[in-house]
Structure formats: C-alpha cells, structure tokens
Amino acid sequence: MNRSAIVEEARRYVRRELESDRTGHDWPHIARVAALARQLAQAEGADVFVCELAALLHDLADDKIAASEEAGQRQIRGWLEEHGAPKETTAAVLAIIATMSFKGGGGAPMATLEGMVVQDADRLDALGAIGVARTFVYAGARGHKLHDPAVAPRGAMTPAEYRSGDGTAINHFHEKLLKLKDRMNTKAAQALAAERHAFLLRYLEQFAAEWAVGEAYDAPPR
Ligand code: ADP
Ligand code: NI
C-alpha cells in the first residue's frame, strides 16, 4: 500500500474504533490532532507521513481505551504490519505513541522531531475553548466537581495519582492545562499555545467572578 492509502485506511480504522468514545478521545479529537500534526510537521520540516499516522493512532494505546498500554501498542503494531507500513515507519510511530502521554508530569522528552510535533498537536487540543470543554466532559464522566476552593491543586503527580479519583475540573487547569504552554516542543506550537493559554486565563477570570457571587451569598454574616 502506498502512503496515502495507508493514511486513508488509518482514518477509517480509527474513526470506527473511537466512534463511541466518551473519554475525550473521540474521533473529532483525533481529526483535530491529525490536522494540527500535519500543519506543525510542514512548518517544522518533520516527516508528515509519520506525524499524521502517529497522530491518527495515538489514542488507541491509551489506558482509558485499550486493556493496557502494551495491548494497545501490540494492536497498533499489528495494524501497521498488516497494512504494509514500512518497518521504519512502524518503529517510529510506536516509539512516539509509547512516550507522548502527559500522565501527571510529562515523562521523558520526545526523542525525534516527529514525536515533538505529535505531542505538541495532542497538547494543543487540551488548550483553548475545546480544552475547556474536554476538561468538563472528563470531570463529569468521573463525577468530579466543577470547583471546590477547599481542594488545593495537586503538585507533581505519579501516573497513578494523575488518574486517581479526587480532583476538580478547575484544579485540572492548574495541575495540567496551564503548564502546557511552556512545554511545547516546537516554535510553531508555541505560538498557537500562547493564544490558547491566554483564552484559558480569560476563562478562569470570568469563572472566578461568577463563582464569587455564590461565595458572597454563602458567607456570614447574613
Ligand atoms: P493525556 O493523554 O494528554 O494525558 P488525557 O487522556 O489525560 O490526556 O486527557 C484527555 C482529556 O481530558 C484532556 O483534554 C485532558 O485535559 C482532560 N483530562 C485529563 N485528566 C483530567 C482530570 N483529572 N480532570 C479534568 N480533565 C481531565
Ligand atoms: Ni489525544
């Protein structure tokens, strides 16, 4: 299969796999990340084929979707081999997917320009208006509160702590989203992240102003 046929097949495959996802990894997320990955790859001179394929497949190994990350990675490898992806492409794509997740602190730095591009594309989709929406959908699905001033944002976390029960949607801004701007790997992503970061700050300001109305009502003396 040639490159564009593999990408086309990957799109169909991932769309089918993630059709009913409600964890923030639905097909529209993948489509945005793939589009951003292409755009960043072109701007940075990275291999567009590897970036787009990795972006399309990146969430199939997520621990919220696959039985385990290893099982997800085996499935991705199997798919790529079955569809005749070149060996180097398969290796590059799997290496990117295995190292790119945030999970509490943002582990090892990405080893290749292509990895940097795909990680940036995924992180950009956690920012801006879409990032706000994804945060509240995730928090809702987990039964988290919108906000609780008595719960302090958590500092650096292990992957288990990052995934563990407590936390609020607003704290997620402080625990992850607001840190992403300074962690973008590429210049092209830094520029986009700056705009989306500014939007998050405006959003939090407005949220605080509206929240304060209830706090004032709640506070003694009456
Ligand atoms: P990543 O793979 O980058 O770690 P996740 O899979 O953790 O991203 O998150 C998917 C989406 O859900 C992102 O928009 C992320 O910001 C959001 N999210 C992740 N964890 C939380 C949380 N504890 N509270 C609210 N939103 C979250
Ligand atoms: Ni993703």
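In degrees from 0 to 90, rounded to the nearest 10, what is the angle of the helix 69-82 Cα long axis to the longest principal axis of the chain? The angle comes out near 30 degrees.
Under 10 °C and 1.306 mPa s, how fast does region 3-218 diffuse according to Stokes-Einstein, given a Kirkwood radius computed over C-alpha pairs? Answer in µm²/s, whole number. Please list the in-between numbers first.
On the way: Rh = 18.0 Å.
In µm²/s, the coefficient rounds to 88.
With a threshold of 32 Å on the Cα-Cα distance, the over-threshold entries among Lys145/Lys187; Lys64/Lys87; Lys87/Lys181; Lys87/Lys176 are Lys145/Lys187; Lys87/Lys181; Lys87/Lys176. What the phi angles of region 205-213 give under the Karplus curve with 6.51, -1.76 and 1.60, with θ = phi - 60°, is a coupling list of 5, 5, 4, 5, 5, 6, 4, 4, 4 Hz, glycine and proline written as x.
Protection proxy ranking for 144-151, 192-199, 210-217, using the average of other Cβ atoms within 10 Å per residue and placing the highest first: 192-199, 144-151, 210-217. Whole-Hz Karplus values for region 50-56 come out as 5, 5, 5, 5, 5, 5, 4 Hz, taken residue by residue from phi with 6.51 cos²θ - 1.76 cosθ + 1.60 and θ = phi - 60°; glycine and proline positions read x. Apolar share of the accessible surface for region 3-218: 54 percent from carbon plus sulfur atoms, 1.4 Å probe. Applying 1/(1 + (r/R0)^6) with R0 = 41 Å to the Cβ-Cβ distance of Ala35 and Ala212 gives a FRET efficiency near 0.60. Annotation: extensible slack from Ala71 through Thr99 equals 8.6 nm (criterion: 0.36 nm per residue apart, minus Cα-Cα distance). Taken per residue, the accessible surface of the chain reaches 51 Å², heavy atoms only and a 1.4 Å probe. With θ taken as phi - 60° and the Karplus curve 6.51 cos²θ - 1.76 cosθ + 1.60 applied, the whole-hertz 3J(HN,Hα) list for region 186-191 is 10, 4, 4, 6, 4, 5 Hz, x standing for glycine and proline. Our estimate of slack between Lys64 and Phe136, defined as 0.36 nm per intervening residue step minus the Cα-Cα distance, is 24.2 nm. Taking Cβ atoms as reference points and 12 Å as the exclusive limit, the residues near Lys187 contribute a net charge of -2, counting Lys and Arg as +1 and Asp and Glu as -1. I want to check the label-to-label distance for Ala219 and Ala150. Put each point 7 Å from Cα in the C-beta direction and report it in nm to one decimal. Label at Ala219, label at Ala150, 1.7 nm between them.
Taking a 1.4 Å probe, which of Asp62, Asp122 shows the most accessible area, and what order do the others take after it?
Details: Asp62 15, Asp122 35 Å².
Largest accessible area first, the residues go Asp122, Asp62.
Amide H to amide H distances under 5 Å link Met184 with no residue, where only residues 5 or more positions off or on other chains count and H is placed in the peptide plane.
Only helical DSSP H runs with n ≥ 4 go in: add -39500 (n - 2.57) per run for the chain, normalise by residue count and round the 222 nm mean residue ellipticity to 500 deg cm²/dmol.
Numbers: 10 runs with 139 residues, N = 222.
That calculation yields -20000 deg cm²/dmol at 222 nm.
Which residues does a label at Lys179 reach in region 117-158, if reach means a backbone N under 14 Å from a point 7 Å past the Cα toward the Cβ? Under cut-off, by backbone N: 153-158. Net charge of the neighbourhood of Ile6, taken over other residues with C-beta under 12 Å away and scored Lys/Arg +1, Asp/Glu -1, is -2. In this simple spin-label model, placing a label point 7 Å from the Cα along the Cα-to-Cβ direction at both Ala129 and Ala43 gives a separation of 1.9 nm. Charged neighbours of Ala95, selected by a Cβ distance under 14 Å, balance to -2 (K, R count +1; D, E count -1).
The values are calculated or read from the model by the stated rules, or taken from the named source; none is laboratory data. Quantities reported herein were computed from a predicted structural model and do not represent experimental measurements. Counting neighbours? That spans all protein chains shown, and the Cβs are built from the backbone with ideal geometry, glycine included. Keep in mind that these areas ignore ligands, DNA and RNA; they rest on the heavy atoms of the full protein, side chains included. Shrake-Rupley method; radii C 1.70, N 1.55, O 1.52, S 1.80 Å.
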